[in-house]
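For reference, the structure is listed below as structure tokens.
The values are calculated or read from the model by the stated rules, or taken from the named source; none is laboratory data. Keep in mind that this is a model prediction, so the values were computed, not measured. Cβ: placed from backbone, ideal geometry, glycine included. Neighbour counts: every protein chain shown. SASA here: full protein model, heavy atoms, side chains in, ligands and nucleic acids out. Shrake-Rupley method; radii C 1.70, N 1.55, O 1.52, S 1.80 Å.
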Amino acid sequence: MYIDRIDLYHVATPLIYPWRTAYGEDAAVHSVLCRMTSGSVSGWGESSPLAAPCYSPEWGGGLFAVANEWLAPAIVGQNISSGEELQARLAHFKGNPFAKAALDCAWWGLKANVTGKPLDALLGEAAGCQPRDEVPVGADFGVMDSIDDLLVAVGKAVADRFPRIKLKFRPGWDLPMLCVVRGQYPKQTFHIDCNSGYRLADTPLFQQIDELNLAMIEQPLAHDDLIDHAELQRQIRTPVCLDESITGLRKTEQAIALQSCRYVNIKPGRVGGLTVALKIHNACQAAGIPCWVGGMLESAVGAAHCVALAMLPNFTYPADIFPSARFYRQDLADAPLELIRTRDSLPGLRPFNRLPQPQPDRLARLTVQHAVIEG
Ligand code: MG
């Protein structure tokens, strides 16, 4: 596909209520939408590193600058026939996986629109496996004003039959909170997400958590660490899941070799796009490490890509992809993401036949910066 033009939109979408985690508090989600055009056809991608460099070293304004000044000019005016070819053209730019993901995901969106094939089918072909047609999703709760508020929310998720519940976990909102929740719901599947809020010296805390029978502990230690996670995993029974530390295929291969984790969370943005996400999925599958797909509070434009990815067979733990109404009064996209009931009657998602696109008026209203790169 010859790439004639790339449009970048840095958008800030207000949340219904702030999202509180170990890395901070967000009142609006900052993401960059990328429209890639070939002839008369366009495709969209979205990458959402949030407003400040606190989840990872990247942030919305920085992503926009890198994509505008360096990455998009390396792609526009080129014939790009595969995700690998796109990644190869970006490979000499170090790091910046979220910025590369904006372009990579837009390329896949363009490919789906040019070929008329559903994105999940294209990803299955590229990964060499048969995609499923639905995926269960979990419930996910950030830090709340009180444990009573959390118990109400968890009770509703249990009643709604969410197959697992994830609790954000940070100093001041940690073991006492978890003991209360586990005491109320002894049989429910729970895991915690520490968002790199702890250090190896906190191993005794995680050994206490072993008694609470969690499915996993997500990213307990530093955002770029593999070695301390391997040491922690040797000292606790609960599986460690890496999220922030997995920024590409090489990091995944190193985590497998070091035995740093027993689960991997894959977010297309964090790893550099769908092309890389497929390779990580396959590497983990070969190593016997189950995966699950996470999102970054993208609009339905980006979430639809996460849903398509989640159809691959090694994503065996329920996904972290939220319906639009959970966080937004109105989704940026022309079609919101909505939960369905799976065949097992669990809350879940099915892939879109037609990928959602930004609704033009909403996109204009939420755009902070816009750039056009032409060949
Ligand atoms: Mg996480």
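Quick check: pseudo-label points 7 Å beyond the Cα along Cα→Cβ at R199 and D344, how many nm apart are they?
4.1
Return P(r) of the stretch 53-118 (all Cα-Cα pairs; 5 Å bins starting at 0; whole %; ordered from short to long distances).
Computed distribution, short to long bins: 3, 16, 28, 23, 15, 9, 5, 1.
At a 1.4 Å probe radius, carbon and sulfur cover how many percent of the accessible area of the chain?
Details: 7390 of 14360 Å².
Carbon and sulfur: 51 percent of the exposed surface of the chain.
What shape does the stretch 65-176 have by the C-alpha gyration tensor, where a ≥ b ≥ c are the square roots of the eigenvalues, rounded means a/c under 1.5, and otherwise prolate means a/b greater than b/c and oblate the rest? Spell out each step's value before the answer.
Working: a/c = 3.62, a/b = 1.79, b/c = 2.02.
Verdict is oblate for the stretch 65-176.
Taking springs between alpha-carbon atoms closer than 10 angstrom, which of D140, D148, D104 fluctuates most in the Gaussian network model of the chain?
With Cα springs under 10 Å in the chain, the top fluctuation among D140, D148, D104 is at D148.
Can you give me the relative contact order of the stretch 136-293 as a percent, contacts being Cα pairs under 8 Å and 6 or more apart? Display every interim value, and only then the final one.
Working: 258 pairs, mean separation 24.0, N = 158.
For the stretch 136-293, the relative contact order is 15 percent.
Please report the relative contact order for the chain, taking Cα pairs under 8 Å with a sequence separation of at least 6, and give it as a percent rounded to a whole number.
21
Which whole-number percent is the relative contact order of the stretch 1-105 (Cα, under 8 Å, 6+ apart)?
Details: 192 pairs, mean separation 31.0, N = 105.
The value is 30 percent.
Using 1/(1 + (r/R0)^6) with R0 = 30 angstrom and r between the beta carbons of Y17 and D133, what's the FRET efficiency to the nearest 0.05? Mind dumping the intermediate values first?
Numbers: r = 33 Å, r/R0 = 1.09.
The value I calculate is 0.35.
Show which lysines lie in cross-link reach of K94 when reach means a straight Cα distance below 20 angstrom and same-chain residues fewer than eight apart are skipped.
Result set, ordered by chain and number: K251, K267, K279.
Charges at C-beta only: +1 for Lys and Arg, -1 for Asp and Glu. How large is the resulting dipole of the chain about its Cα centre, in Debye rounded to 20? Provide the component values of the computation, followed by the final result.
Details: 34 positive and 40 negative charges, 114 e Å.
It comes to approximately 540 debye.
Evaluate E = 1/(1 + (r/R0)^6) for A159 and H370, where r is the Cβ-Cβ distance and R0 equals 45 Å; express this FRET efficiency to the nearest 0.05. Mind showing how you got there, number by number?
Working: r = 44 Å, r/R0 = 0.97.
The formula returns an efficiency of 0.55 here.
Taking a probe of 1.4 angstrom, what is the accessible area of D26 in Å², to the nearest 10?
Result for D26: roughly 20 Å² accessible.
Any number yet on Rg/Rh for the stretch 170-279, C-alpha, Kirkwood? Don't jump to the answer; show the numbers that get you there.
On the way: Rg = 14.2 Å, Rh = 14.3 Å.
Taking Rg over the Kirkwood Rh, I get 0.99.
From a point 7 Å beyond the Cα of R329 in the direction of its Cβ, which residues of the stretch 29-50 have a backbone N at a distance under 20 Å?
Within reach of a label on R329: 29-31.
Could you identify which residue out of I75, I209, I16 has the top mean-square fluctuation in a GNM of the chain using Cα springs shorter than 10 Å?
Greatest mean-square fluctuation among the candidates belongs to I16.
Report the label-to-label distance for K94 and A52 in nanometres (one decimal), using points 7 Å from each Cα along the Cα→Cβ vector.
2.6
Restricting things to Cα coordinates, could you compute the convex hull volume per residue of the chain in Å³? Working shown, then result.
Values: hull volume 45.5 nm³, N = 375.
For the chain, the hull spanned by Cα atoms encloses 121 Å³ per residue.
Give me the extension gain from L175 to A257: residue separation times 0.36 nm, minus the current Cα-Cα distance, reported in nm with one decimal.
Working: separation 82, 0.36 × 82 = 29.52 nm, distance 3.08 nm.
Full extension of this stretch gives 26.4 nm more.
Give me the Debye-computed log₁₀ of I(q)/I(0) at q = 0.16 Å⁻¹ for the stretch 125-185, equal point scatterers on Cα only, no solvent, two decimals.
At q = 0.16 Å⁻¹ the computed log10 ratios are -0.57.
Using θ = phi - 60° and the Karplus form 6.51 cos²θ - 1.76 cosθ + 1.60, what ³J(HN,Hα) does each residue of the stretch 285-297 get, whole Hz, x for Gly and Pro?
4, 5, 8, x, 9, x, 10, 8, 8, x, x, 10, 6
As a check on your grasp of the helix formula, calculate [θ] at 222 nm for the chain: sum -39500 (n - 2.57) over DSSP H runs of n ≥ 4, divide by the residue count, round to the nearest 500. If you can, show how the numbers build up before the last one.
Values: 15 runs with 135 residues, N = 375.
Helix contribution divided over all residues of the chain: -10000 deg cm²/dmol.
Place a point 7 Å from Cα of V41 in the direction of its Cβ. Which residues in the stretch 1-20 have their backbone N less than 14 Å from it?
1-4
If we sort 259-271, 235-247, 333-345, 155-167 on the protection proxy, mean other Cβ atoms within 10 Å, highest first, what's the order?
Values: 259-271: 25.5, 235-247: 21.2, 333-345: 15.6, 155-167: 17.4.
Descending mean neighbour count gives 259-271, 235-247, 155-167, 333-345.
Rounded to whole Å, give me the distance from the Cα center of the stretch 301-375 to that of the stretch 16-78.
After rounding, the separation between the Cα centres reads 15 Å.
With a/c under 1.5 counting as rounded, go ahead and sort the stretch 243-375 into rounded, prolate or oblate using the C-alpha gyration tensor (a ≥ b ≥ c being the square roots of the eigenvalues; past the cut-off, prolate if a/b is larger than b/c, else oblate).
Values: a/c = 2.44, a/b = 1.43, b/c = 1.71.
Cα axes put the stretch 243-375 in the oblate bin.
Karplus couplings for the stretch 62-69 from phi (6.51 cos²θ - 1.76 cosθ + 1.60, θ = phi - 60°), rounded to Hz, Gly and Pro as x?
Per-residue couplings from phi come out as x, 4, 4, 5, 5, 5, 6, 7 Hz.
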